[in-house]
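First comes the structure, then the notes that go with it.
The values are calculated or read from the model by the stated rules, or taken from the named source; none is laboratory data. Everything numeric in this text was worked out from a predicted model, so none of it was measured. Positions of Cβ are generated from backbone atoms using ideal geometry, with glycine treated the same way; all protein chains shown enter the neighbour counts.
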């Protein structure tokens with residue numbers, strides 16, 4: 001399948017002593033086969049949410065003063081973003097209501113006790129970490145070639161898999177780092193990365209942070225402003241966009257934003 005776009009789905013869930021969240025972007029090329037591209041991505045995020053609620057963001061916390069029998073009764077297990085992605089994908093494969101589809105995916109967990117961020121990313125969705133108005137990490141995209149990202153796929157019974165791209169969860173890139181107080185994590189699909197340059201995202205976040213307010217209010221305002229700006233860039237037909245810049249590197253001409 002070709003480009004993944006216009007079918008974004010998200011999830012967020014509280015884990016034991018942490019939080020997990022993610023984004024998925026259904027591959028629009030399935031429309032030509034009569035398949036709703038959003039259904040695969042939506043179901044993938046549904047199962048990611050379901051599994052993450054049962055897992056810990058890190059090692060299960062056990063009280064060492066308890067008796068052995070009491071410690072053995074601690075429920076749940078450590079669920080890494082990679083394991084969550086793997087479980088969610090197999091959940092989609094078992095879904096009878098999802099006949100076919102493909103999606104990129106990026107899952108992230110934050111351990112509230114240790115401050116550790118872990119991620120699993122497959123395709124050209126991703127995330128970035130902003131610290132003190134600077135990007136300290138940005139997830140590199142995974143692509144087979146220009147405009148064709150890695151993608152999880154489910155094939156209908158009558159389709160020959162060899163004619164389409166299909167990647168397994170074990171191809172996901174994994175990352176781990178320890179966060180600091182005040183770090184900003186932005187998860188995105190190519191609907192953002194194709195239209196908005198990274199320095200513009202940093203500028204928006206810095207401007208909102210200077211305006212004051214609670215952390216929750218600032219986080220929501222940052223998200224709102226970034227989406228609003230992405231929509232403006234999407235409709236721009238004359239200026240250079242991240243997507244058009246990458247196209248030029250491949251010897252292709254494409255001007256302006258990418259419509260969602």
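Pairs meeting the criteria (first residue in the range 245-260 and on the phi > 0 side of the Ramachandran plot, second residue at pLDDT 85 or above and surrounded by 13 or more Cβ atoms within 10 Å (Cβ to Cβ), beta carbons under 7 Å, at least 6 apart or on different chains) are 256/236; 256/241; 256/244.
Looking at the structure I just gave you, is residue 119 touching a residue at least 60 places away in the same chain (Cβ under 8 Å) and in the same structural domain as residue 183 (by TED's automatic domain parsing)? Spelling it out, it is not the case that residue 119 is touching a residue at least 60 places away in the same chain (Cβ under 8 Å) and in the same structural domain as residue 183 (by TED's automatic domain parsing).
Here's the yes/no breakdown for (1) closer than 28 Å to residue 208 by Cβ; (2) touching a strand residue (DSSP E or B) at 6+ places or on another chain (Cβ under 9 Å); (3) surrounded by fewer than 20 Cβ atoms within 10 Å (Cβ to Cβ):
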| residue | (1), (2), (3) |
| --- | --- |
| 111 | yes, yes, no |
| 114 | yes, yes, yes |
| 135 | yes, yes, yes |
| 143 | no, yes, yes |
| 148 | no, yes, yes |
| 173 | no, yes, yes |
| 177 | yes, yes, yes |
| 181 | yes, no, yes |
| 193 | yes, yes, no |
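Quick grid of which residues meet (1) crowded, with 21+ Cβ neighbours inside 10 Å; (2) at pLDDT 95 or above; (3) within 21 Å of residue 148 (Cβ to Cβ); (4) in the same structural domain as residue 187 (by TED's automatic domain parsing):
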position: 13; (1), (2), (3), (4): no, no, no, yes
position: 19; (1), (2), (3), (4): no, no, no, yes
position: 52; (1), (2), (3), (4): yes, no, no, yes
position: 57; (1), (2), (3), (4): yes, no, no, yes
position: 82; (1), (2), (3), (4): no, yes, no, yes
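Consider the range 195-208 and keep the residues that are touching a strand residue (DSSP E or B) at 6+ places or on another chain (Cβ under 7 Å) and buried (at least 18 other Cβ atoms within 10 Å of the Cβ). The one that is farthest from residue 245 (Cα to Cα) is 205.
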